[in-house]
Every structure is written in structure tokens, then in C-alpha cells.
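One structure is given below, encoded as C-alpha cells.
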Amino acid sequence: QVRLVESGGGLVQAGDSLRLSCAASGRTFSSYGMGWFRQAPGKVREFVAAIASGGTTNYADSVKGRFTISRDNAKNTVYLQMNNLELEDTANYYCAARSWGTIRVHATSYDYWGQGTQVTVSS
């Protein structure tokens, strides 16, 4: 079992930056594929970014060039650096882990989920 705890969300203005963190339990974190998803009110959960166990990354087109996913295996933590935030980035952001270390963009490919952290971008 893997427990994921997100932090770092908050209320910011458009153009600001935030860094989300996701701390994972377990001794095999380095072998997991990790992802960030988000869900806005009334919308389906959507893929944001993912990082493979080997460090390969993938991003949704809507965040490419603005968001960066990274991982620190020594700290069992994955990060999402979000720059130049836009109103459309407002959502609850979820961290997810999959037992296989490869990248997947579909939520159904992930085995474990955190509770989420709210990001609100105001004008």
C-alpha cells in the first residue's frame, strides 16, 4: 500500500507561481510512475503531468512550458512547479502513483491517489 499526501496548494493571482509537493510512503517509491491530475468543479479529472521511474516526463498541452514535474527519490517526493498560472488552472490537484514505472496519461492506469490540494487562481 502507498499513501500519498499532497501539499502546497493555495490562492494566488494570475501570473503567479506555486509548487505542489506529494510525499509518498513506502520503500519502492523510486520504481513508481508518478502523475499529477486535476479536477475543476463540474469537469472530469484530467491529466496534467507524469514522470517515469527513470525520469522521463510528459505534460498536457495546456501546461507545457509552464509546469514542471520532478521527483526526489531520496525524499520519496514528487513535485509540480507551476509558473505563470492562469484562471483555467483553478482545480483540485491530485497526486497519483502506479506500480509500473512507465508514464501513463489515463487516470485508470494509476493504483494510488492522494486526497488532493486546492489551487485557486484569481484575476
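The table that follows gives values for the structure above.
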read-out	value
Segment 54-123 and segment 15-47: distance between their alpha carbon centers, rounded to Å	4
Peptide ranges 49-55, 111-117 listed from the most packed, as the mean C-beta count within 10 angstrom indicates	49-55, 111-117
Accessible-area composition of the chain, carbon plus sulfur, in percent [1.4 Å probe]	47
Contour minus Cα-Cα distance for SER99 and ASP72 (0.36 nm per residue)	8.0 nm
The chain, accessible area per residue, ligands and nucleic acids excluded (1.4 Å, Å²)	51
Relative contact order computed over the chain (Cα-Cα under 8 Å; 6+ residues apart), in percent	37
Fully extended contour minus Cα-Cα distance, from GLU88 to GLN39, at 0.36 nm per residue	16.5 nm
Protection proxy ranking of 91-104, 60-73 - average other beta-carbon atoms within 10 Å, highest first	91-104, 60-73
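The values are calculated or read from the model by the stated rules, or taken from the named source; none is laboratory data. Everything numeric in this text was worked out from a predicted model, so none of it was measured. Because the Cβ atoms are built from the backbone with ideal geometry, glycine has one as well, and the counts that use them run over all protein chains shown. Heads up: the accessible areas ignore ligands, DNA and RNA and are worked out on the full protein's heavy atoms, side chains in. Shrake-Rupley method; radii C 1.70, N 1.55, O 1.52, S 1.80 Å.
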